[in-house]
Each structure stands twice: as C-alpha cells, then as structure tokens.
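Structure first, commentary second.
Readers should treat all values here as calculations from the given coordinates under stated rules, not as data from a laboratory. No experiment lies behind these values; they were computed from the predicted model shown. FYI the Cβ positions are ideal-geometry reconstructions off the backbone, even for glycines, and counts take in every protein chain you see.
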Amino acid sequence: MGDDGTHIPEETLDPKDWEEIRELGHRMVDDMLDYLRDARGRPVWRRLPDDVAARLSGPVPKEGLPPKEVYEEFRENILPYPIGNIHPRFWGWVFGTGTVAGALAGLLADTMDTNGSGIDFHAAAHAEHQVVGWCKEMLGYPAGAGGVLTSGCSGANLIGLAVARNAKAAAAGYDVRRNGLAAAPGHMVLYASDEIHSSIQKAVELLGLGGDALRRVPTNGRYQMDIAALAVAVAQDRAAGLLPFCVVGEAGTTNTGSIDDLQALADLCRQEDLWFHVDGAFGAWAALAPQARHLLAGMERADSLACDLHKWMYLPYGIGLALVRDVEWQQRTFSLTPAYLAHGDGGRGLAGGDLPWLCDLTFELSIGFRSLRAWMSLKEHGADKFGRVIQQNIDQAAYLAGLVEAEPQLELVAPAMLNVVNFRFLPADRSQIDDLNRRLVVELQEQGVVVTSGTVLRGSYAIHVANTNHRSRREDFDLLVGEVVRLGRKLAT
Ligand SMILES: *Cc1c(COP(=O)(O)O)cnc(C)c1O
C-alpha cells in the first residue's frame, strides 16, 4: 500500500524484457562455448591486475544495473583471469578440467532450481539416485550401499568418518549422538598414512576426536602405508587403553598418486574389527582405467568410500560422493525428521513416496541439482570413454616420467605412480636445488605457458604434476620438459 492507501504493483526478480534477456543469454552461451573451444590459445594463467582486484571489492550495489552491463563487467573483470585449470597445460595440485556437457547442465539445473534433498515424486531426486547408482557400479562398490553426492571429497570424508565414529562407538556401548564423546569409555583413535590428505585431519577435528587421535603411520618407498607399523600402532594403543576404531586408506595420495595396499588394510580391519574408510578423491576413478583398476583391489571392501567427480571425472566443481556400505548406519548417523520434514507416508503428494531422502544420508538439507552434470556427461560420453581418458592421463604421466629420466638435468623425486609425476631440475650447485626448483615453479606460472605446483617429499622440494586433464596432449608434456630445462638453466646462472 502507498501512503494514500493505493495499491503499489508487486515487484519480481524476473526480467522486465524477456526478449532482451534471451538475446543476452544466447550471447553468453556462444561466448562460453568459444571460451572453452579456444582455451588452448590463451595463457594458462595470468596475474589478476591490481586495478581489476580493486574493482572486485567495495560495497553492495544498492541500485541495479542493466543485465548487459553486469555481463560486460563479468567479461572484463572476471572471465579473463581464471586459475587456468581448464587449460590443456595446467597440472598443478589436483584440479579438474570440466566438461562442456557439465557446464551446460549447470545452466539447466539452475534453471529448474530443484532441491534434490527430499521429495520423491520429481525427477531430480531419481536422477540423483541414478547417478549414485552408476558411481557404485563404476567403482565396483556394493549396489546396496548408501550414497550421497556432496560438494567435494572433504564433505565425503567427513560423512564417512562420522558414520565410522558413531557405528564403532555404538559397538563399544555408547551413543555419540546422544551423549557426545565425553561419554566414551576410552579415547577413540584412528590411523592413516603420513601422506594422508588434510581433509581427513579436518574431519577428525570437526568430529570432536581431536587432531592427536589421528595416528600417522609411516609410508614405504612407494609412499604406501606400512602395514606392519600399522598393526604395531593398533596393538600399542589398545594396550594403552585407547579405542582404535578406524583405518583410512588412501586411493591416490595428492602428493604422489600412491595407492595403499587396500586388500591388506581391509584384511587388517576385519581382523581387528576396525572401520575401513577409503579416501579415493581422484584415484578411485582409476577403477575405470583398464590397465590400472587392479591397483584398487580391496577398495570395494571399504566400509565407506569418499571421492569426488570434479577432479578425475572432469566434471565442473563441486561434486563429490560419499558411499557407506551399511546404509542403515548412515541413516542412523544423519537422519533427523522434525514434523515439517515428515515424509514417506501415503504414497501421494510431493512427500508421500518411499524413495530415501538424501538429507537422511548427510549433514546437509538443501542439495542443489549437481547430479545433472554427471548425468548428462555420462550419458553423452559413456563410462568407457571416461575410462579411456583416465588411462590416457596415466599413460601421459608415464610418458612424462620417461622424458624426465631421459634428460640428464632432471630427475624424478618419487617413483611416478598413476597420474602423478614429481621431478626436479638439477643445478650444478646442488646446495641451491630446493630453492631453485621452488623459484622455477613460480616462474613457470608467471610465464603462463605451463602451470605445475610444488610439494616436498621426504624433505626434497619437487615440481608436482598431477594429470587430471582431458585436454592435454603428449606435445604439451614435451613443452613442459623443454621449459623446465630452459628456465632451470637460466635461473641457475
Ligand atoms: C582433493 C582431495 C581431497 C579433498 O577433496 P575436495 O573435493 O577438494 O574437498 C581429499 N583427498 C584427496 C586425496 C584429495 O586429492
């Protein structure tokens, strides 16, 4: 109502002029497809200029701008300055490359704007369950397991370890959900290798177990957990009155791509009555690669398995997956149904069906339609093609390792495993080896021709290449090696 009691027309966030926005939307789609098609022709990365950074700060706009102007600002200030992971010569950290189908699916999913969490009689919930089912099938994990898509593998690790904690606490006679860890008859501890990902420690901290509860077991020459040392650690902790409850195996460590001996870990967990969780963030997907899947033998025996689809399944960020063998324990960990979320009664209406609600399997309630990216990408390419491209990445990594070994001024810092290669430039003055390689990684990034990251292995700095890039070709690795040698020589003088 206006002051004089007259009716003021309602506002909406929909466009005033649908034809104008349609034209702009078409242009956006054209621009984005060009952007993906032409990725190879741009620098991998370039620094965000200070004046652009300055434009990306400041207060909230009070008044709106025409959509065209907003898009122009995006094109000018945001689009030209990406991290670079969609580029064929980006291999830093472990980044995904995205798929075109995934990008377009993002538009479709956001248009429908469904919340896949619950409510059964709509298609997105079924598509999500279908995608989780496909993942179980591709990973060789039991079809009856519980599963939910997450924002990434950090969330998936948190879910797996939360169920592990609650299930094993119950086996020891107390109820963590009700009474918290204070009620535990002993300090709960778990085990992982010293190459474990930081998200495992974060999960342990968030679950109230305390970072010290995570025992770091030494690794062997292939960066796999030392099983004998693990057995000793469990026995010592038991003797000291602690409560060992879980072992975390890595299927593909971030540093080296190493895969723990998952069969041996599964055997030990069965013997010792421990929960077996596998962090397979990217490495789990080697299950699709014909010549690598044997490395993952035993993964299917895990009580819980965490991975993501935005690294080595190449989907746009962020999509991960948590699988739990015993779906009942997953539900007992997360299910909480207030009156306003009651469901599964009567078979009619939006909430009347008996499809499990995803919010009963995770700590989140609202869940966007992220599964559509996987659904469309897998429909378009098929699982076999994903397997071939993953195998191609592994073969390219072996090719790169061969180039390194053939070049007298380079050496491998760790055995090349899976899709990861760690190597370094050898300056004549060996005392500057770490410092020089550290500078090399930075200078390569600044140059924008290739991007790697760096890491430290057994005290030695290494140039770190993790190949989860479906756009790379062999010649890109030739270029990488050529640039490392050229720049290394230059920096060494
Ligand atoms: C990236 C990664 C994670 C964390 O996954 P996010 O999707 O980044 O949350 C966990 N474990 C390993 C081995 C990883 O490489």
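Some points to look at:
- If you wrap the range 355-493 in the convex hull of its Cα atoms and look at it from every side, the mean projected area works out to 11.9 nm².
- Relative contact order (%) - criterion: Cα under 8 Å, at least six apart; region: the range 33-161: 19 percent
- Residue-wise HN-Hα couplings along the range 471-487, as the Karplus relation 6.51 cos²θ - 1.76 cosθ + 1.60 with θ = phi - 60° gives them from phi, are 9, 5, 10, 4, 4, 5, 6, 4, 4, 4, 5, x, 5, 4, 5, 4, 5 Hz; Gly and Pro carry x.
- Tail beyond 21 Å, pair distance distribution of the range 218-341 (Cα, percent): 47 percent
- Label point of I8 set 7 angstrom out along Cα-Cβ; within the range 53-68, amide nitrogens under 18 Å from it belong to 62-64.
- Tail weight of P(r) past 22 Å, computed on alpha-carbon pairs of the range 320-422, percent: 60 percent
- A viscosity of 0.890 mPa s and a temperature of 25 °C, combined with the Kirkwood radius over C-alpha pairs in the Stokes-Einstein formula, give the range 146-211 a diffusion coefficient of 194 µm²/s.
- In straight-distance terms, cross-link reach from K16 covers every one of the aspartates and glutamates whose alpha-carbon lies under 18 Å from its own, apart from those fewer than eight places away in the same chain; here that gives E63, E69.
- Full extension of the chain segment joining E364 with Q130 gains 82.3 nm, where the gain is 0.36 nm per residue of separation less the Cα-Cα distance.
- Inter-label distance, nm, simple model (7 Å from Cα along the C-beta direction), L341/M28: 3.1 nm
- The label-point distance for D50 and Q236, in a model that sets each label 7 Å from Cα toward Cβ, rounds to 5.3 nm.
- Radius, Kirkwood style, for the range 234-307 when every pair of distinct Cα atoms is counted (Å): 12.7 Å
- Note on S460/N115: beta-carbon distance plugged into 1/(1 + (r/R0)^6) with R0 of 51 Å gives a FRET efficiency of 0.60.
- Derived scalar couplings between HN and Hα for the range 372-384 equal 4, 4, 6, 4, 6, 5, 6, 5, 5, 9, x, 4, 4 Hz in order, rounded to whole Hz, by the Karplus curve 6.51 cos²θ - 1.76 cosθ + 1.60 (θ = phi - 60°), x for Gly and Pro.
- Applying the Kirkwood pairwise sum to the alpha-carbon positions of the range 3-65 produces a hydrodynamic radius of 16.6 angstrom.
- Each listed q (0.07, 0.09 Å⁻¹) maps to a log10 I(q)/I(0) for the chain from the Debye sum over equal C-alpha point scatterers, namely -0.44, -0.72.
- Short-range pairs are left out: with C-alpha atoms under 8 Å and at least six residues apart, the relative contact order of the chain is 21 percent.
- Backbone phi angles across the range 404-410, fed through the Karplus curve with coefficients 6.51, -1.76 and 1.60 (θ = phi - 60°), yield HN-Hα couplings of 4, 5, 7, 9, x, 8, 10 Hz in residue order; Gly and Pro are listed as x.
- A quarter of the convex hull surface defined by the alpha-carbon atoms of the range 53-173 gives 13.6 nm² as the mean projection.
- Counting Cα-Cα pairs of the range 1-109 in 10 Å increments starting at 0 gives whole-percent bin shares of 10, 30, 32, 16, 6, 4, 1.
- Remark: relative contact order (the range 217-265) = 34 percent; criterion is Cα-Cα distance under 8 angstrom and separation of 6 or more residues.
- Cβ crowding within 10 Å ranks E328, E73 as E328, E73, fewest other Cβ atoms first.
- Between D17 and A143, the C-beta separation translates, for a Förster distance of 51 Å, into a calculated FRET efficiency of about 0.55.
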